[in-house]
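The values are calculated or read from the model by the stated rules, or taken from the named source; none is laboratory data. Since we're looking at a predicted model, the values are computed, not measured. Neighbour counts are summed over all protein chains in view; Cβ atoms, including those assigned to glycine, are modelled from backbone coordinates with ideal geometry. Note: areas computed on protein heavy atoms with side chains; ligands, DNA, RNA excluded. Shrake-Rupley method; radii C 1.70, N 1.55, O 1.52, S 1.80 Å.
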Amino acid sequence: MPEADARYPLRADQLEAFHRDGWMTLHGFLDEAELLPLEQAYMRLLRREVPVRGRDYCDMTGDYTRPIEQYEILNVMLPRVYLPELGGNVYERRAADVTRQLLGDGFAIDYDQLVAKPPGRSGAVFHWHQDLGYWPITEDTRTATFWLALDDIADDNGGVRFVDGSHREPALREHLPLQGDRDSNHTLMAQVDPDVDRIRSTVMKRGSVTVHHERTVHGSSGNISARWRRGYVLAFRHESTIAAERALGFTHSHNDDVQVLTMIGEQTRRREGR
Ligand SMILES: O=C(O)CCC(=O)C(=O)O
């Protein structure tokens, strides 16, 4: 039984929304007193007061070589590895309680991540994608990915948008290389048709979270506002899945040198006749 402050009983309509749409918003997930220490830790990592190794501090727009001052997105992979005091915080514990209600027992944090867009970064785009396409093939793929807002979120500061029900499609969508050149740009983009797909934005206050399924198509536009857009991601997967990933040498660090044979990679190779 989780500690009292970690309990977050879901209503029936929230459970239903996650399974029907492939994502949901939980408003007011953390209160201001709970957010403040997390925000302090977040900013220490973002300001590089805590050392982060190699590519785990990077821009997520596909360019690892750009000087930090020119980053569009400030991304920190595996913050709890670099700042162990983050481990076991109230966000982690409450999200674990929600995961248990959504997916059952035996789930743990596979990885965490900070995804920040400073004000006025129109290039801070996460192209449409399905998370599962970037991960190794495992028997059990179930995932609950939490995205905690440290700022009020809307479309203008690059809030995440989701394609409702896309997690229920029989296969992953085809992901095409951006700019048609897989070698110079490693960004892959899922095909989304605004005339057919039901695209929904997230509009939520600081302290709220979205939770999404590993197959739900999602992405976000640049930050054209004068305020920050800071997200703190936690992904829960089954302990057996995490063990299978680690056995392949896959840790979600951008320093991993394992060549992951993703489903998207397969699709791309097939399409290019390789
Ligand atoms: O922060 C974003 O805009 C996208 C994050 C994302 O793709 C994810 O958490 O899976």
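With a/c under 1.5 counting as rounded, go ahead and sort region 1-63 into rounded, prolate or oblate using the C-alpha gyration tensor (a ≥ b ≥ c being the square roots of the eigenvalues; past the cut-off, prolate if a/b is larger than b/c, else oblate).
oblate
The residues of region 4-271 expose, per residue, 44 Å² of accessible area to a 1.4 Å probe. Simple point charges give the picture: +1 on the Cβ of Lys and Arg, -1 on the Cβ of Asp and Glu, and for the chain a dipole about the Cα centre of about 240 debye.
Annotation: amide H-H contacts under 5 Å for residue 175 (H modelled 1.01 Å from N, sequence separation of 5 or more, or interchain): none. Across region 61-71, rounded Karplus estimates of 3J(HN,Hα) from the backbone phi angles (6.51 cos²θ - 1.76 cosθ + 1.60, θ = phi - 60°) give 8, x, 10, 8, 9, 5, x, 3, 4, 9, 4 Hz, Gly and Pro being marked x. The ratio of the alpha-carbon radius of gyration of the chain to the globular-protein estimate 2.2 N^0.38 Å is 0.96. Hull volume per residue, based on the alpha-carbon atoms of region 82-195 and their convex hull, is 184 Å³. Note on region 1-150: Rg/Rh from C-alpha atoms, Kirkwood Rh, equals 0.96. Distances between placed amide hydrogens fall under 5 Å for residue 214 paired with 143, all partners being 5 or more residues away or on another chain.
Given the DSSP H assignment, sum -39500 (n - 2.57) over each helix run of at least 4 residues in the chain and divide by its residue total; what's the result at 222 nm in deg cm²/dmol, nearest 500?
Calculated at 222 nm, the ellipticity per residue is -6500 deg cm²/dmol.
For region 207-215, putting each phi into the Karplus relation 6.51 cos²θ - 1.76 cosθ + 1.60 with θ = phi - 60° gives couplings of x, 8, 10, 10, 10, 10, 7, 5, 9 Hz, in residue order, rounded to whole numbers and with x for Gly and Pro.
Please work out how much length the chain gains when fully extended from residue 139 to residue 40, using 0.36 nm per residue of separation minus the C-alpha to C-alpha distance, in nm with one decimal.
Gain in length upon complete extension: 31.9 nm.
Relative contact order, whole percent, for the chain stands at 29, derived from Cα pairs under 8 Å and 6 or more residues apart.
Largest mean-square fluctuation among 43, 204, 60, in a Gaussian network model of the chain whose springs join Cα atoms under 10 Å apart, belongs to 43.
Once the Cα-Cα distance is subtracted from the 0.36 nm per residue extended length, the residue 7 to residue 256 segment shows a gain of 86.2 nm. I'd like the GluC sites (Glu not before Pro) in region 1-93 restricted to DSSP loop residues with at most 13 other Cβ atoms within 10 Å, sorted by number. Listed in order of number, the matching sites are 3, 49.
Rounded to the nearest 0.05, what FRET efficiency do residue 100 and residue 195 give with R0 = 45 Å and r taken as the Cβ-Cβ distance? Could you check?
Efficiency, rounded to the nearest 0.05: 0.70.
In sequence order, region 136-145 has phi-based couplings of x, 6, 10, 5, 9, 9, 4, 8, 10, 9 Hz under the Karplus curve 6.51 cos²θ - 1.76 cosθ + 1.60, θ = phi - 60°, and Gly or Pro positions carry x. Looking at region 1-94, the chymotrypsin sites (Phe, Trp or Tyr not before Pro) that sit in a DSSP loop and have at most 16 other Cβ atoms within 10 Å of their own Cβ are 64. Name the most mobile residue of 97, 197, 164, meaning the one with the largest mean-square fluctuation, in a Gaussian network model of the chain with Cα contacts below 10 Å. Looking only at 97, 197, 164, the biggest GNM fluctuation is shown by 197.
Counting only protein heavy atoms and a 1.4 Å probe, tell me what percentage of the chain's accessible area is made up of carbon and sulfur.
For the chain, the apolar C and S fraction of the accessible surface comes to 51 percent.
Within the listed set 70, 191, 14, the residue fluctuating most in the Gaussian network model of the chain (springs between alpha-carbon atoms under 10 angstrom) is 70.
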